[in-house]
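Presented below is the structure to which this report refers.
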Amino acid sequence: MDRMSTPTDPGATVFEGTSAEGTSVEGATRDIADVAAVEVITTAAVHLMSAAAVKCGLAEDADQSEHLDLDEARKLITALAALVTASAPDIGNQHARSLRDGLRSLQLAFREASVIPDPPGEGPGEKYTGSVV
């Protein structure tokens, strides 16, 4: 039961306090303990924003339509809206304002990319943010 996993061994089991990458779980726990909650929340929000932007066709590469997937974008934007709305009181206006601005831009980009627009108040995340028009 001393088997150690490597990234090239996806079915491997990890034992003895190491992660799949061979790093110490204890070390990773200690690292994440040093990160403020606001940083974790904003980092998660930025990842959601980036993924949603790509799925809305806003990628910077030559063929943006290749990445267009509005069903996936809807899920990501809704998750982002829920995170931003729920965490805003705890992360402060400075952080929440920029996240809200990015969210609104994504909601508008989604609406613009949609062949059949959602009725006002029914777009992605609008149950958390209110209508975006």
Please give the number of the condition Ser114 fails out of (1) out of contact with any Pro (no Cβ under 6 Å at 6 or more places or on another chain); (2) surrounded by 17 or more Cβ atoms within 10 Å (Cβ to Cβ); (3) among the hydroxyl-bearing types (Ser, Thr, Tyr). (2)
When (1) modelled with pLDDT of 95 or more; (2) surrounded by fewer than 17 Cβ atoms within 10 Å (Cβ to Cβ) are applied to Asn93, the one that fails is (1)
Within the stretch 48-92, work out how many residues are in a helix (DSSP H, G or I) and of a type outside the set (A, V, I, L, M). 14
Considering only the stretch 25-54, state which residues are buried (at least 17 other Cβ atoms within 10 Å of the Cβ) and either touching a strand residue (DSSP E or B) at 6+ places or on another chain (Cβ under 6 Å) or closer than 22 Å to Ala86 by Cβ (or both). Ile41, Thr42, Ala45, Leu48, Met49, Ala51, Ala52, Ala53
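The values are calculated or read from the model by the stated rules, or taken from the named source; none is laboratory data. Just so we're clear, the structure is a prediction, and the values are computed from it rather than from any experiment. Don't worry about glycine lacking a Cβ; one is built from the backbone with ideal geometry, like all the others, and counts go over all protein chains shown.
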